[in-house]
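Every number in this text was worked out from the coordinates using simple rules, so none of it is lab data. Since we're looking at a predicted model, the values are computed, not measured. Note that each Cβ is placed from the backbone with ideal geometry, even for glycine, and that neighbours are counted across all protein chains shown.
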């Protein structure tokens, strides 16, 4: 079954053509009799069909543009969410709950590399990228857990602000 918008066009197009033809027939009969009625009915139906097709073309292109914008924003949101997950993963490897020796140095290096790669993605909005760079810089120092938590919180707020602005 076609989507609702397509079904609406399928139902309303014949109605529009018939209505345009009927109005044309009425005008033609009023003006010049039977022969004028037939010609006016065809002419009005053709004009109505042309106007309807132009409207349909515009609405389809507008829908395609809106879908492309939504896809682009969704991709940006997904990247930002993935970045947040990688930064918090790196944060937990720098300040593990199990204590200073709770994470292997190789694991910390791998998580750091993933977070930096994601933070460098060009598709990320600039404020999110800056907040991620700030958070990663604080985490690289590995000295103050409260400062790191605040930097990650600022990253979350930047992602939220971007999402709200869409």
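Structure data summary
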item: C-alpha center-to-center spacing [segment 44-69, segment 72-96] in angstrom; result: 41
item: Helix 126-141 axis, angle to the chain major axis (alpha carbon atoms, nearest 10°); result: 10
item: Efficiency of FRET from Cβ geometry, residue 42 and residue 66, R₀ 25 Å, rounded to 0.05; result: 0.10
item: Nitroxide proxy distance, nm - points 7 Å out along Cα→Cβ at residue 55 and residue 92; result: 5.5
item: Residue-span extension gain [residue 106 to residue 134] - 0.36 nm each, minus C-alpha spacing; result: 7.8 nm
item: Helix 105-119 vs. the chain, principal-axis angle (Cα, 0 to 90°, nearest 10); result: 30
item: Nearest 10 degrees, 0 to 90: helix 34-94 Cα axis against the chain principal axis; result: 0
item: Sites residue 11 and residue 121, calculated FRET efficiency, Cβ-Cβ separation with R0 45 Å, nearest 0.05; result: 0.50
item: Value at 222 nm in deg cm²/dmol, rounded to 500, when DSSP H runs of n ≥ 4 in the chain each add -39,500 (n - 2.57); result: -30500 deg cm²/dmol
item: At q = 0.22 Å⁻¹, base-10 log of I(q)/I(0) for segment 70-165 (Debye sum, equal scatterers on each alpha carbon); result: -1.04
item: Two-decimal log10 I(q)/I(0) for segment 4-67, as the Debye equation yields it once each C-alpha is a single scatterer, q = 0.12, 0.16, 0.22, 0.24 Å⁻¹; result: -0.38, -0.57, -0.81, -0.89
item: For Rg/Rh (Cα atoms, Kirkwood Rh), calculated from these coordinates, the label among [x] 0.96; [y] 1.09; [z] 1.47; result: [z]
item: Relative contact order of the chain, pairs being alpha-carbon contacts under 8 Å that are 6 or more residues apart, as %; result: 17
